[in-house]
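Heads up: the structure comes next, in structure tokens.
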Protein chains: 2
Amino acid sequence: MNAPAALLWRHLRVFQVWGSNTDVGKTIFSTALCKAAAKHHSHEKVAFLKPVSTGAPHEADSSHMRTYAPKIANDTLFQYEVACSPHSAAKVSGQAVPTDSAVLAEIRSHAARRAAVGPGWLFIETAGGVHSPGPSGTPQADLYAPMRVPALLVGDSKLGGISQTLAAYESLKLRGQDVEAIMLFQDDQYENHLYLQDYFKASDVPVYTISKPPQRIANDQAEHDSMAAYYERLSSDPSMSDLLANLDKRSEDRINRLETMNQKATNTIWYPFTQQKLLSASQITTIDSAHGDFFQVLSPAATSDQALLQPAFDGSASWWTQGLGHGNSKLTLAASYAAGRYGHVMFASSVHEPALALAETLLENMRNPRLTRVFYSDNGSTGCEVATKMALRAARLRYGWSAKDKVGILGLRGSYHGDTMGAMDCSEPGVFNEKVEWYTGKGHWLDFPTVRCLEGRWQVDVPEALQADLGCGGETFESLDEVFRLDERIGSAIHKAYEDHILRELQRLVSRGHKFGALMLEPVVLGAGGMILADPLFQRTLVEVVRSSSSQLFSASTQHSPPDDGPSDTDWSGLPVIFDEVFVGLYRLGRFSAASLLGVHPDISVHAKLLTGGLVPLCATLASESIFAAFGSDDKSDALLHGHSYTAHPVGCQVALESLREMNSMHASGDWSWAWSQSQQQEPAQRRLRVAEEAPLVWSLWSSDFVDQVSHMAARVEGLWALGSVLAITLRDGAGSGYKSTAAADLQARLRSGSDDGSWTAHTRVLGNVFYIMASQKTNEATVRGLEKLIVKALTE
Amino acid sequence: MNAPAALLWRHLRVFQVWGSNTDVGKTIFSTALCKAAAKHHSHEKVAFLKPVSTGAPHEADSSHMRTYAPKIANDTLFQYEVACSPHSAAKVSGQAVPTDSAVLAEIRSHAARRAAVGPGWLFIETAGGVHSPGPSGTPQADLYAPMRVPALLVGDSKLGGISQTLAAYESLKLRGQDVEAIMLFQDDQYENHLYLQDYFKASDVPVYTISKPPQRIANDQAEHDSMAAYYERLSSDPSMSDLLANLDKRSEDRINRLETMNQKATNTIWYPFTQQKLLSASQITTIDSAHGDFFQVLSPAATSDQALLQPAFDGSASWWTQGLGHGNSKLTLAASYAAGRYGHVMFASSVHEPALALAETLLENMRNPRLTRVFYSDNGSTGCEVATKMALRAARLRYGWSAKDKVGILGLRGSYHGDTMGAMDCSEPGVFNEKVEWYTGKGHWLDFPTVRCLEGRWQVDVPEALQADLGCGGETFESLDEVFRLDERIGSAIHKAYEDHILRELQRLVSRGHKFGALMLEPVVLGAGGMILADPLFQRTLVEVVRSSSSQLFSASTQHSPPDDGPSDTDWSGLPVIFDEVFVGLYRLGRFSAASLLGVHPDISVHAKLLTGGLVPLCATLASESIFAAFGSDDKSDALLHGHSYTAHPVGCQVALESLREMNSMHASGDWSWAWSQSQQQEPAQRRLRVAEEAPLVWSLWSSDFVDQVSHMAARVEGLWALGSVLAITLRDGAGSGYKSTAAADLQARLRSGSDDGSWTAHTRVLGNVFYIMASQKTNEATVRGLEKLIVKALTE
């Protein structure tokens, strides 16, 4: 696999020359820059690189450079004879068309070799305009973005050139490129440079001008002499020396800044969920940029000729948010569109297209006939608070309780719903909240059986506390798929035992005076609580028992006699059921909704993280009409009194729409079919033929062979599971488990040391003795296999 | 004043033709479109408009149209003789250069006249490329964005044209433009159309091609015949009829969608803070887009020839967030850059440039020597929870309390800090929270004197409950400035009375067993509690009394003897002081920090809303090192256990950096100096000469003459105040005041009915009997004066 790499060395100042149009003078500026660098830094090596070139070699840009700057090292990586756009030229060349990552890898290798020869400069010239396609057809602006090479934009000095220059500039900025300077010819008729100098003043982008090259002359020797004289004049043009000095300084500033950021962060940042007394500056990861699945991370110890930036796989999917790759241009453009069309618009009593369209899309895709309403908030934690406010109100009205009654949550032990105080109160006391002032766990949290793979078998483990009551210690299955075949498991002995146990527990709790206002679950996987895979049969049974219990059960501790449940089959019954799908939903576990793995329709469903594909915060709490109705009244203050200023901010909604559209489209076109068949024997091409309808209920990007292999490492592994893009390995830890454990930190450290060839590493987060890693929805098979190898190696070392 | 207006009529299908480069055939496509519309819709009027044209009239684009489509109505609004970019041509023309809003107003008037003549089409042709400057120098993409006219982009079929087309497309999208179709010539050498068709398939943008026009012929008549024949051929080209049918359908779809959105929203959206039983679909504002200070709002009752969209001033600054105008291209580009460079990157133990730079910028600009740390969260409510967690921990460690001890907030009556449950608990019971399950106000909230202007005088009103204790009913001042001259007021009788009263209160509360963990204030103005202007002397005195009280005072109810306060003068003493500047900070009240109006340095300061200029959610909680130190330990779980997935998301941080940079730059260059001098007699030019150093402590965009005038309307007005961009008027209401009052709704309704000429309205929010309105930081003097007139008229009707 080729991880995309950003180019940065102490020794080598690299710049990329972009054109705002064809025929604006890229090669002339490149030649002048190379000559100026060679003149002003005569002890350094100056090199020119044309990664992709089309047309006859003697007419190519590198040929011009060879003619007028013969001492400059001069290379071309991909040369195509036909004089047209590289994607067309590559197609008709008869050669294999290089992939984008192959092009990037070639450039990286070339630059690394330049860095190895000592201090120097490298100017990389692009082909055509900023969006002219590379060999594969990817526009260069996207193709080269991961390199993060500072850009020099050659402006257009001709009629209409202001527009071309600004548009090209924006397309580069949209890819996170730093435009270090704009260079253009001085044209005294159109004076575009005057406008551009003024325009870019506020953005601190300097605009340099040089005189135009002489008119072309038909006579070759005369043309040569005339151009040579022109370059000679340029060599004493103060614009060129200023520009070069500026580039030199900016290069140095960039590295200095990167190298001091961790120390500055140590002094000014208060990190989330971090004991900073135990975090030295050197342990802080300095992230220059991120593209696709990879961060570009500073290697502070790099010597002058070693790469300062290294790709690190984003193994926590940036706290579980990332789904469509970092720096995804489609998401960026969606955000830009909404920002340009609206900025933010206040949402109370108003409606705008992205908010309405997103609500419609979510309700439609959930395929849950109960859900009819969408409430927007800012993140999973606030969305869970909203869900709680919704459920508690509905329950207390039905059961005749007052707002002051102590009404709690029925949940599972180890649940976690967020860090705001109300969300914390939905979980039982634990390391995340027991030291937090004002925390009061409100409710009761049941023990439950869990699922893991060990020694090639899938086990449902019943916790000790329940074994007597359930009359067994668990069950064993051949595959995870079997565990999720709930229709087959319903009616089994263990199902009946679950039913009886849950009902007894409820009766016991209510008889002790407990009042419950909601059943609140993370379906299938409890995330922050330690990546616990719950037995889906237990979760489904819990919902069914709660729903089929009479209202009298839950109101037993009150005097008031509640009305019977409504007649509609979308009304809630027993308790409002909240599913917190913040982590597990939206394809994280392989399906749009994790609830569908249980075959359950919750009354309230909370969605965030992947909702916006890893770009900006947004949460949607979906609810049924029967929950919504509990807030309807003639009194304004009976409304759901919650609402953030940026509620339903158009940027977030538009990004979410694009993110859902893209993931749904990937699903429909079978982009994950390589993972649907877990048989590694089949050829990838065959595996890709499958269509969305054939997607299995349970599938994972992580291969079953790999899971099987790790499950046999019993000396170090207590068990593991893989589902959708998530892999979680529980490690044996002599010192005990839990959040405070450091057992998984070893494995994490080994992944941080990277691949065999040192070309990439993996950045992960751990939860005590649980090591987890997750891919994005865009991660390709080669990357997943590479990670699997790395993990196996780390576990067997 | 000219409010920017979007163009939309039932009768008139309007499209704007943009060029992805010069010389790509805009005029030919415009001509072909006009002819096709005339052919396929023969009973409708087709018109062509060139708003700005340069060059000799007989060579102009409109002349081509007149020649080959003589029956098409054909107008030019601004014609300049010199054949160059409009901004240069306008400058040398000797004519007054029209402002952007004048250009938009002319186009709007012209289109309105077209709409009045019956069903028809209007094609508006831009000049040059998408960013070619208009007469004032503003790039057309920005200039025309508020019109929201669906765009037709003429692609570039020449070498390099793929790049030019994609870049132009992105620049239009970045302005929230809907590109309905791309049209280009079929060029069989470069085949750009094939690439573009493939590229735009996923975005649902159709790409249409037509054959190239014939070669130019020197002979005028032959050229004419050749072009006429070309247009004749085009008239039966299915591409043209398909395109036109598609445009017709998209026009209809757009209006249909807009007209059904409010009903759909009624059925699918759960609105924040809204009693939906009292909200009919017709009361929902459908917002098509927003630019500058104005929403573009659907007028559902518009007849066929009336405008469907009307500008409405965003008088709540979109729930107090908006500062730099809707659809601000600079903020959009900042967001795009960060999205392209990073997407989101997980923040725990890592650092990226926008987060660090923003932390540094905030700490520097606050000029509060106590603040050294920045903690990021998602919104003001979560940021206030973070502040509370910080303060409670610091206080309970110093005072030796346990996490289970009941430790509360000391605040002011009417405070409000957000809707998450923890933030709600920081406020006393009231209409926002008393019906909310799980709400338990934790602390005590003091009565305090307030400030208002009535009958031309500024009064400090002491609430009845305090009058006996303070020994007076208040004070009167000549100006608001006098009220804020705290150094002069300190030492006065009322100051001494404040001191004594506060100390007595504290002693009384602690003696009753109250434990306090923080003094938490919204400095100067209590926002959601009803736009209450607090007497700044009282707030300052409260902080000073709390800080100068011995630790023994606050720990009196415990056994534990706390250590003395630390030696550093940046340590907190008495209680950690939290300032919630979410609403009042970042120039909302005229100054970077509202704390500076009090001359107080809080230990913790919370910032959101304007932080991101009205684009995406982000909050920063700033804290002192002495607060931070309370969480340092060798135990991981002693850390501040809070952190959202999107903590310090790069998009938000980058937008905040740009927003702060822009506001600081406006302040420094005296952009608000017209408001600094409240004397309306001076000429605007003179008033603008002032520099930032001369900015008065207290100033307002709302003129003192206007405030004075309203303050004399005693029959309807109980009092008002204006500070920074905010104006708040307390209205007399026989039925009582408070959140449930509908007193201000009348005034609100009158503003909604709009200006005398019907060209704009104002959209505002009310808080019970308090009517408030705020401008953005970009609102110009003419708009403020227009609003003042509207308010005076509404109050006197």
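The values are calculated or read from the model by the stated rules, or taken from the named source; none is laboratory data. If you're wondering where the values come from, they're calculated on a predicted model, not measured in any experiment. As a convention, Cβ positions derive from the backbone with ideal geometry for all residues, glycine included, and neighbour counts pool all protein chains shown. Surface areas here come from the heavy atoms of the whole protein model, side chains and all, with no ligands, DNA or RNA. Shrake-Rupley method; radii C 1.70, N 1.55, O 1.52, S 1.80 Å.
General observations
- Check on B:Ala357, among the aliphatic types (A, V, I, L, M) and surrounded by 24 or more Cβ atoms within 10 Å (Cβ to Cβ): no
- Where A:Val149 falls short, out of the listed (1) farther than 16 Å from A:Gly292 by Cβ; (2) in a helix (DSSP H, G or I); (3) under 25 Å from the mean Cα position of the chain (by Cα): (2)
- Qualifying position, being within 27 Å of B:Glu259 (Cα to Cα), at pLDDT below 95 and not hydroxyl-bearing (Ser, Thr, Tyr), among B:Asp305, B:Asp288, B:Asp314: B:Asp305
- When A:Ala334 is tested against the conditions (1) more than 15 Å from the chain's Cα centre (by Cα); (2) buried (at least 23 other Cβ atoms within 10 Å of the Cβ); (3) within 7 Å of another protein chain (Cβ to nearest Cβ); (4) in a helix (DSSP H, G or I), the lone failure is (3).
- Residues within the range B:445-474 that are under 34 Å from the mean Cα position of the chain (by Cα) and on the phi < 0 side of the Ramachandran plot, tallied: 15
- Qualifying residue in the range B:442-465 (condition: free of Cβ contacts under 8 Å to residues at least 12 places away in the same chain and either open to solvent by 20 Å² or more (accessible area, probe 1.4 Å) or part of a loop (DSSP other than H, G, I, E, B) (or both)): yes
Here is a yes/no grid of residues against (1) surrounded by fewer than 22 Cβ atoms within 10 Å (Cβ to Cβ); (2) touching a residue at least 24 places away in the same chain (Cβ under 8 Å):
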| site | (1), (2) |
| --- | --- |
| B:Arg10 | yes, yes |
| B:Thr22 | yes, yes |
| B:Glu44 | yes, yes |
| B:Phe48 | no, yes |
| B:Ser93 | yes, no |
| B:Val103 | no, yes |
| B:Glu106 | yes, yes |
| B:Leu122 | no, yes |
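- Scanning the range A:127-135 for residues that are within 9 Å of another protein chain (Cβ to nearest Cβ), surrounded by fewer than 24 Cβ atoms within 10 Å (Cβ to Cβ) and either within 26 Å of A:Ala83 (Cα to Cα) or not β-branched (Val, Ile, Thr) (or both) turns up nothing.
- From A:Leu324, A:Leu258, A:Leu234, residue being of a type in the set (A, V, I, L, M), more than 9 Å from chain B (Cβ to nearest Cβ) and open to solvent by less than 60 Å² (accessible area, probe 1.4 Å): A:Leu234
- Test for B:Ala735: is it of a type in the set (Gly, Ala, Ser), within 25 Å of B:Leu767 (Cα to Cα), surrounded by fewer than 14 Cβ atoms within 10 Å (Cβ to Cβ) and modelled with pLDDT of 90 or more: no
- Taken together, the criteria exclude A:Arg485 from residues that are of a type in the set (D, E, K, R), more than 40 Å from the chain's Cα centre (by Cα) and open to solvent by 30 Å² or more (accessible area, probe 1.4 Å).
- Only residues that are more than 13 Å from A:Ser299 (Cβ to Cβ) and either part of a strand (DSSP E or B) or open to solvent by less than 10 Å² (accessible area, probe 1.4 Å) (or both) were counted across the range A:747-762, and they come to 3.
- Residue match in the range A:164-172 (condition: open to solvent by less than 10 Å² (accessible area, probe 1.4 Å), assigned to a loop (DSSP other than H, G, I, E, B), in contact (Cβ under 8 Å) with a residue 60 or more places away in the chain and β-branched (Val, Ile, Thr)): no
For every residue, the table says whether it meets (1) within 12 Å of chain B (Cβ to nearest Cβ); (2) closer than 23 Å to A:Ser235 by Cα.
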{"residue": "A:Ala112", "(1), (2)": "no, no"}
{"residue": "A:Asp156", "(1), (2)": "yes, yes"}
{"residue": "A:Ala167", "(1), (2)": "yes, no"}
{"residue": "A:Lys173", "(1), (2)": "yes, no"}
{"residue": "A:Val207", "(1), (2)": "no, yes"}
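- Per-region count, the range A:337-356, residues more than 9 Å from every other protein chain (Cβ to nearest Cβ) and among the aliphatic types (A, V, I, L, M): 0
- The helices (runs of 4 or more DSSP H) found entirely in the range B:589-686 include none that carry 2 or more residues being under 19 Å from A:Thr647 (Cα atoms) and assigned by the TED database to the domain that holds B:Ala782.
- Here A:Phe375 meets each of (1) part of a helix (DSSP H, G or I); (2) within 25 Å of the chain's Cα centre (by Cα) with one exception, condition (1).
- Residues that are within 25 Å of A:Ile255 (Cβ to Cβ) and within 7 Å of chain B (Cβ to nearest Cβ) within the range A:294-317 comprise just one, A:Phe295.
- Residue among B:Asp242, B:Asp248 that alone is of a type outside the set (A, V, I, L, M, F, W, C), touching a residue at least 60 places away in the same chain (Cβ under 8 Å) and in a helix (DSSP H, G or I): B:Asp248
- Of the residues in the range B:68-88, not one is closer than 17 Å to B:Leu152 by Cα, within 14 Å of another protein chain (Cβ to nearest Cβ) and hydroxyl-bearing (Ser, Thr, Tyr).
- Selection status of A:Glu364, more than 7 Å from chain B (Cβ to nearest Cβ), over 25 Å from A:Arg591 (Cα atoms) and surrounded by fewer than 24 Cβ atoms within 10 Å (Cβ to Cβ): no
- Qualifying residue in the range B:266-284 (condition: facing chain A (nearest Cβ under 7 Å) and either at positive phi or of a type in the set (D, E, K, R) (or both)): yes
- Taken together, A:Thr372, A:Thr388 contain a single residue that is β-branched (Val, Ile, Thr) and open to solvent by 10 Å² or more (accessible area, probe 1.4 Å), which is A:Thr372.
- Complete set of residues in the range A:406-428 that are under 18 Å from A:Gly527 (Cβ atoms) and more than 9 Å from every other protein chain (Cβ to nearest Cβ): A:Ile409, A:Gly411, A:Leu412, A:Arg413, A:Gly414, A:Ser415, A:Tyr416, A:His417, A:Cys426, A:Ser427, A:Glu428
- Lone qualifier among B:Val710, B:Val655 - being modelled with pLDDT of 95 or more and within 25 Å of the chain's Cα centre (by Cα): B:Val655
Yes or no, residue by residue, for (1) open to solvent by 10 Å² or more (accessible area, probe 1.4 Å); (2) within 21 Å of B:Leu657 (Cα to Cα); (3) not β-branched (Val, Ile, Thr):
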position	(1), (2), (3)
B:Phe295	no, no, yes
B:Ser304	yes, no, yes
B:Trp320	yes, yes, yes
B:Ala338	no, yes, yes
B:Phe347	no, yes, yes
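- Residue within the range B:384-393 that is outside any helix (DSSP H, G or I) and under 29 Å from B:Ser568 (Cα atoms) present: no
- Failed item, numbered, when A:Ala181 is tested on (1) more than 12 Å from chain B (Cβ to nearest Cβ); (2) within 23 Å of A:Glu106 (Cα to Cα): (2)
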